[in-house]
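The values are calculated or read from the model by the stated rules, or taken from the named source; none is laboratory data. If you're wondering where the values come from, they're calculated on a predicted model, not measured in any experiment. Cβ placement follows ideal geometry from the backbone for every residue including glycine, while neighbour counts extend to all protein chains displayed. These area figures cover heavy atoms from the full protein model, side chains too; ligands, DNA and RNA do not enter into them. Shrake-Rupley method; radii C 1.70, N 1.55, O 1.52, S 1.80 Å.
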Amino acid sequence: MELKIGLDTISNYKRLSYTPWHAIAEFIDNSTQSFFNNQEILEEVFKKEGEVLGVHIVYERDQNFLRISDNSIGMSYKELEHALHVGKPPASNNGRSRYGLGMKTASCWLGDEWSITTKKLGENKEYTVTIDVEKIAKGENELMPQEVDADPNLHYTIIEIKKMNRKFHARTSGKIKSFLKSMYRVDFRNKTLKLSWQGEDLKWEDIEERILRDFEGKRYRKDFEMDVLGRTIKGWVAILGNGSRADAGFSIIQADRVIKGWPDSWRPSKIYGQDQGSNDLINQRLFGEIHLDGFHVSHTKDSILWFGDEEDEVEKALADFCSDYRSIAKEYRRNREGSNGPSTVATAAAINELKKELTSPGMVDEIEINLTDVPEEEAMNNTISDISQKVADSSTATLRVSIGPLDVKVFLNTELSPFDPYVLIDSSKPNEILVIINQSHPHWGQLKDNEVFNYLRHCTYDGVAEWRAKKLVGRIDSTTIKMFKDRLLRVVLDFEEVNGETFSEN
C-alpha cells in the first residue's frame, strides 16, 4: 500500500482559495526572485540597456487572455524543467519562491491552458512549453517543449494564460492594482522594479507626510527590532494625523514582499481589540510595518502560518512596544466631556491643520492685498445695528437668558447672506446684548456636531465680554475684552467641577 497523488489533482487547483492579486503575485515573485538571485549580473546588463527589472501584465477580457512578461535572466532548459516539477522547491527557498507550487497552482487557478516562453541571458535557445490542464488530468503529461534559435543577449520569460476560469471586471482590476502596488512597495522604494498593469506603471505612495507631528515638528514614528522565539522581527509604528481606518493597521512583510497589508491590513487583537478591530481611534490612527522573516507562510503567500504560541508572542512583543503610541492614538477630544482638555494627538493635529490654513495662498492674499479694505467704524456700527434690529424684530431668540441685570439673546439665523459676518454682536443697549450667529456663513458648514457647543460658547462670551467692557470700563478694546472673556471661561470650568460634569475615558 502506498500514498498516491494522481495527475487529476491538477484540475482541482482552480478551487484553491486564491485571490486574483495573490495569484498574479506568484509570477511577480518568481521574476523578482530570479533578479535577486542574479542581481549582480543583471544590474550590469540593465545599466548598459538603460533598464531596470520590469514585469508587465496585460489582461484581455474579450479574448479571455492574461500575459505576464519580464526581462529577468530567463531560464535554461534544465531550469524550466525544474520549474514545471510540482512541489519541488527551488535550491534556495528563503526568498519569495518557497514551495515549488506557486507558478503552477496560480496558473491552473487562473486558466485551463497556459504556456511559458523563456530565453536565458547568454544562451542561444528560446524554449516554449504549453500546459493543457484537462489533458494532464487525464494522464497526458508528456510535455513537448519547442525551441528556436535566439540572440544570446536576450533575456525574458513570458507566461500566457488562456481559457481563463475567471474574468476580471473593472472593480477587480482596481483591486489588483491596489494590492500589487502595496505588495511590492519595498521594491518600488528601492527602485529595483518597474511593474505595470494594463500599461499603467504602478507606484507605491508612502504616507510619511500624513504622520502626526508633535509641537517641535517631529513625527510620531519609531523603529523596532526585537527577538521573539529566537527570531528577529523588525519594523516601525506610527500615528496618522488624520484618522483613516482604511490606512491603519500593520503590513506584514517577508522577503521584502507584503504578505498581508494595505488595503487589508493586519490588526493584532492585543493592539486593536476585537477581531479585525473596532472603529475607535486606535483603529483609525495606528499603523506600521512588521518584517516577519523566518516564519512560515501559506502556499498562497497571503498569510503567516502561526505554529505553537508564535502569534501570541509576536502580538505581545509588538503590543508592548506600541503601548505608548496606542495611548496617544486613543486620546481624543470630546466636547464638554473631558476636564483635561484636548489630547496631545488632537492638539498636534489641529496645529498642523492651522499651519496649512495660515500659509495657504488665499490667506496670504488676504493679509498682503486686502490691507485697505476696511470700512469706517461708524458705518460698521450702523450696519450691525440695522441687521440686529431687523433680526430681533422678525424672529424669536433661539436662546434667551438673564444673567443678573443682563439679558442675553442668541439668534441662530439662516436668512443672512454667506457674505455677512460669521457673528454679529450688538451691545449698544445698557442691559441687553444680541448675539446673531450666521448659519449661512461658510464656516458654519465646517463645524462637526461635537464642535457646535464651543462655537456657540465663544461667540456668546465675546458678546458678554464686550458688554462688560463697555459697562464697567467705558471702552471697547481687545485687551479688556479678552480679560473679561478669560474670566468667563474660568467660571465655566468652576461650574463643571462643582457639578461633577467631568468624564473618565471608556
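Numerical summary
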item: Inter-probe distance in nm under a simple model that places probes 7 Å from Cα toward Cβ, at residue 41 and residue 169; result: 4.6
item: Structure-derived Rg/Rh (Cα atoms, Kirkwood Rh): which label, when the choices are (i) 1.17; (ii) 1.02; (iii) 1.31; result: (i)
item: C-alpha long axis of helix 377-394 to longest principal axis of the chain, angle in °; result: 90
item: Residue pairs, from the table 448/482; 47/191; 14/163; 163/194, whose Cα atoms sit over 18 Å apart; result: 448/482; 163/194
item: Alpha-carbon centroid distance for the pair the stretch 160-235 / the stretch 383-414, whole angstrom; result: 57
item: Computed label-point distance, nm, for sites residue 477 and residue 14 using a 7 Å Cα→Cβ extension; result: 8.7
item: Given 270/301; 181/301; 234/316, the pairs whose alpha carbons are separated by over 20 Å; result: 270/301
item: Accessible area per residue, Å², the chain with all protein chains present, probe 1.4 Å; result: 55
item: Probe 1.4 Å - accessible area at residue 204, Å² to nearest ten; result: 50
item: Cα long-axis angle, helix 344-358 against the chain (0 to 90 degrees, to the nearest 10); result: 80
item: Local net charge near residue 309, Cβ-Cβ under 12 Å (Lys/Arg +1, Asp/Glu -1); result: -4
item: Expected 222 nm ellipticity per residue - DSSP helices of 4 or more, -39500 (n - 2.57), all of the chain, to 500; result: -11000 deg cm²/dmol
item: Theoretical gain in end-to-end length, residue 214 to residue 393 [0.36 nm per residue, Cα-Cα removed]; result: 59.5 nm
item: Label-point separation, residue 81 to residue 61 (7 Å along Cα→Cβ), nm; result: 4.3
item: Amide H contacts of residue 407 (H built 1.01 Å from N, under 5 Å, at least 5 apart or other chain); result: 432, 433
item: Rounded to the nearest 10 Å², the accessible area of residue 355 at probe 1.4 Å; result: 140
item: Beta bridges by DSSP in the stretch 377-479, antiparallel share as percent, to the nearest 5; result: 60
item: For the stretch 190-298: rounded, prolate or oblate by the Cα gyration tensor [a/c cutoff 1.5]; result: rounded
